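Reviewing the structure listed below.
The values are calculated or read from the model by the stated rules, or taken from the named source; none is laboratory data. Because the structure is a prediction, the values reported are computed rather than measured. Cβ atoms come from the backbone with ideal geometry, glycine included; neighbour counts cover every protein chain shown. Just so you know, the surface numbers come from the protein's heavy atoms only, side chains and all, with ligands and any DNA or RNA stripped out. Shrake-Rupley method; radii C 1.70, N 1.55, O 1.52, S 1.80 Å.
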Amino acid sequence: MPGIPHYEKFKNSVSRFQIFLYFVCAFQNISCGIHYLASVFMAVTPRHACRPPGNVSQVLSQNLSSSRLEDIWALSPGQESHVAVRLQDGSLWELTSCRRSWKKDILNLEYDYNDSKRDFSCSDGYIYDHSKWESTVVTEWDLVCHREWLAKLIQPVFMLGVLLGAVISGYLSDRVGRRRTLWCTSVGQFLFGIAVAFTFDYYSFMVTRFLLAMAASGYLVVVFVYVTEFIGMRSRTWASIHVHSFFAVGIMVVALTGYLVRTWWLYQIVLSTVTVPFVLCCWLLPETPFWLLSEGRYEEAQKVVDTMAKWNRTSSCKLSELLSLDQHDPVVGKPSEVKKHSVRELFYDWNIAIRTLTVWLIWFTGSLGFYSFSLNSVNLGGNEYLNLFLMGAVELPAYICACIGMDKLGRRKVLVLSLISSALICGAIMVIPPEYHVWGVVAAMAGKFTIGAAFGLIYLYTAELYPTIVRSLAVGSGSMICRVGSILAPFCVYLTSVWIFMPQLLVGIVAFLSGVLTLKLPETLGKPLRTTWEEPAKLESGKDSSSDKLLPSVNNVVLERIGVINADDAGPCE
């Protein structure tokens, strides 16, 4: 019919307008990466000791002496077991990180004293090592010793906000539009990001960070749908995968800012200013024609299409002709009943149930490995700022390799290779001696490379494994499992206190198991998207052909005719 081929060519060619929208929206993903990993340095726990009950006249650390308590960190670069001090009133005390002891029946200041002591709690607070950080949230509110668990909740609670934000923003984007949701989440990132720096206690800090997490997560979910509804099918794979690249740049910005700014509230303000350019120009972004058409706002959709044509210096197409065509179509013209689907349909039969559990495990593994490698970078030895910067930088080639590999080798082969490689690298990290920290960092970068490739691939692979009727449900459920992994990742890193290589052991086990189970999944490269359960069954049995035609449905016909990308595919789970 006249106009349809022209619109297909017009829609699927990524020209000036689409490129502008993509980079403007993707730029804001830098802020998301920043806020997701900001706590790596903001919640650092420096060396500390219990503050004595009075003014100090003499300090003894090992065999070194000083008159100022603050000098003990310079006197003893390592982690000393305790510090002996003499107060101005002549009393002698022994200070540890979480206890202070009064030495009885002794006149001379000695470092090693094993006779009678009387222990007291740190009721006068703590002294901290300020050689690396002037202040952190830990030093601000004394989140050490019996309050240490409060510091360990900072990142998990943030990730809980990420989970809730993804659910709410997905609903809002369908109800009020993609553009308004982008506005709200972007402004929210800026306002809550600044507000975090001015919180007056630990609990207000946690609440504000929780709201910041909801805004950042909401933007990540909606921006993927937004750009894919403007960018054609031909470029969707590369465009969607490389949204992650801007997130990785955000991680690199965190490392750089942490190196330059050593006061936590100023550090937080500097990081939050990255959102400003997008907040100032986000009002220029149009609503997507896809959402406008779904709401029956045809004139507004036509204006957006005309604007796209003007930017791209090409002739526009009349949506009224396409809509008129669809309205007279015997298939499209009939109203269809919308059937709601539940998670139970992801367990349609035994084979589909195994597939679903395998896919969920891959989502979990990708998230657990991604954040474990990132958060644990400060424990690798050497320069922690450089370590985190490299953990972000290595993601950029990982996504390029994933894009090339998934189109050349296939989704399954690349995913299996990435997961098994991650497991083997985790094993290699565990046998590298601690003094060879450079090799440990190199191995960790390789692990982040492989797990990043798997993490960038899984959501698109999931969308291709399930039929249209439950595709959104499948990706959405995987995204939920993914965020469970991101919530557990900080606790996984905390297990370094039990054994230094515990995070690598856990990630390696689940990565190897995921890689082996992925071998049972079917390949989807070159296969059309499925609409019914019978088609995936044929795909798995090998009886299917890429030339099979999709079963007719209202959505398929409309989307094919007007060239609008199906938005069932969910956004990336960061």
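In nm, to one decimal, how far is the modelled label at residue 408 from the one at residue 174, with both set 7 Å along Cα→Cβ? It works out to 3.9 nm between the two label points.
A simple spin-label model places the labels of residue 119 and residue 499 2.9 nm from each other, with each point 7 Å out along Cα-to-Cβ. Taking all protein chains together and rolling a 1.4 Å probe, residue 442 ends up with roughly 70 Å² accessible.
For residue 58, the residues whose amide H sits under 5 Å from its own are 86, ignoring neighbours fewer than 5 places away on the same chain, with H placed 1.01 Å from N.
Note on residue 153/residue 295: beta-carbon distance plugged into 1/(1 + (r/R0)^6) with R0 of 35 Å gives a FRET efficiency of 0.25.
Straightening the chain between residue 89 and residue 19 buys 18.0 nm, computed as 0.36 nm per residue apart minus the Cα-Cα spacing. Using a simple spin-label model with pseudo-atoms 7 Å out from Cα toward Cβ, residue 55 and residue 437 lie 3.9 nm apart. 3J(HN,Hα) along the range 303-308, derived from phi through the Karplus expression 6.51 cos²θ - 1.76 cosθ + 1.60 where θ = phi - 60°, amounts to 4, 5, 5, 5, 4, 4 Hz, with x in place of Gly and Pro.
Annotation: amide H-H contacts under 5 Å for residue 132 (H modelled 1.01 Å from N, sequence separation of 5 or more, or interchain): none. Using 0.36 nm per residue and subtracting the Cα-Cα separation, the extra length available between residue 480 and residue 383 on full extension is 31.5 nm. Given R₀ = 60 Å, FRET efficiency for residue 347-residue 263 by Cβ-Cβ distance, to 0.05? The value I calculate is 0.70.
Once the Cβ-Cβ distance of residue 491 and residue 146 is raised to the sixth power relative to R0 = 25 Å, the FRET efficiency obtained is 0.85.
The largest accessible area among 73, 141 belongs to the first residue in 141, 73, and the rest follow in falling order (1.4 Å probe, all chains).
Can you give the extra length, in nm with one decimal, that the chain gains between residue 200 and residue 430 once fully stretched, where that is 0.36 nm per residue apart less the Cα-Cα distance? Length gained between residue 200 and residue 430: 78.7 nm.
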